[in-house]
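Here is the structure we will look at.
Nothing in this text is a laboratory measurement; each read-out follows from the coordinates by a stated rule. Just so it is clear, the model here is predicted, and its values are computed rather than measured. Because the Cβ atoms are built from the backbone with ideal geometry, glycine has one as well, and the counts that use them run over all protein chains shown.
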Amino acid sequence: MIITLRSALRRRKLHCPKCDFATRARYDRRPVESVWCHLDLGVWRLQVRAQLRRLNCPDHGVRTEGVPFARAGSRHITDLEDLVGYLATQMDKTAICRLARVNWDTVGRMITRVMETGLDPTRLENLFEIGVDEVGWRKASST
Ligand SMILES: [Zn+2]
């Protein structure tokens, strides 16, 4: 059973999904609804549907407006992608595929999007020393 949530965006300004550009000028309206997979609610699958508008960004051209609950180019809401990103640190990819009901390639793309937005780009700025220890796989030779 699939439950559909229809979302009406109340924002007056349209936001470019690739940058911070925002405008009130609408290029046109998409003729079809956009659909995002939500986290499952028990045995029910949830989908979010919305009728989106398009805008003309000076840097990126005509784009479908960005939404606050999903990353650009994704068909899954941010919470589901964050969950998959966390699970990728704890379990194997096949188990994630079964649990989140997404295919193998989608898990990889979700992890990429989570890492692009979730990692602090300045995390290595104060790093001044790295220690690397060798790992021996064979018995050391006696010389
Ligand atoms: Zn843009």
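How much length is gained if the chain between D20 and N103 is pulled fully straight, taking 0.36 nm per residue apart and subtracting their Cα-Cα distance, in nm to one decimal?
Numbers: separation 83, 0.36 × 83 = 29.88 nm, distance 3.12 nm.
Separation in residues times 0.36 nm, less the Cα-Cα distance, equals 26.8 nm.
Each part gets one Cα centre, and for the range 7-49 versus the range 71-105 those centres are 20 Å apart.
Normalised by the number of residues in the range 49-131, the average gap of Cα pairs under 8 Å and 6 or more apart makes the relative contact order 17 percent.
The listed peptides 109-122, 79-92, ordered by packing as a protection proxy, come out as 79-92, 109-122 (highest mean of other Cβ atoms within 10 Å first).
Counting only aspartates and glutamates at least 8 places from K93 when in the same chain, those with an alpha carbon closer than 13 Å to its own are D105. Projecting the Cα atoms of H60, V35, S74 onto the charge dipole of the chain (Cβ charges, centred on the Cα centre) puts V35 farthest toward the positive pole. Here's the picture: a label point sits 7 Å out from the Cα of L41 along the beta-carbon direction, and within the range 58-80 the residues with their amide nitrogen under 20 Å of it are 68-70, 76-80. GNM, the chain, Cα, under 10 Å: largest mean-square fluctuation among V132, V48, V35? It is V132. Quick one: among A25, A100, A70, which has the greatest mean-square fluctuation in a GNM of the chain with alpha-carbon springs under 10 angstrom? Of the options given, A25 has the highest mean-square fluctuation. Residues K139, K93, ranked from the fewest to the most other C-beta atoms within 10 Å, line up as K139, K93.
Every helix of 4 or more DSSP H residues in the chain counts as -39500 (n - 2.57), and over all residues that averages to -7000 deg cm²/dmol at 222 nm. Exposure proxy for F21, F128: other Cβ atoms within 10 Å of each Cβ, ordered fewest to most, give F128, F21. Against the chain, whose longest principal axis comes from its Cα atoms, helix 78-87 is set at around 10 degrees.
According to the square roots a ≥ b ≥ c of the eigenvalues of the Cα gyration tensor, what is the shape class of the range 37-143, taking rounded for a/c under 1.5, prolate for a/b larger than b/c otherwise, and oblate for the remainder?
Working: a/c = 3.33, a/b = 1.67, b/c = 1.99.
It comes out oblate by the Cα gyration axes.
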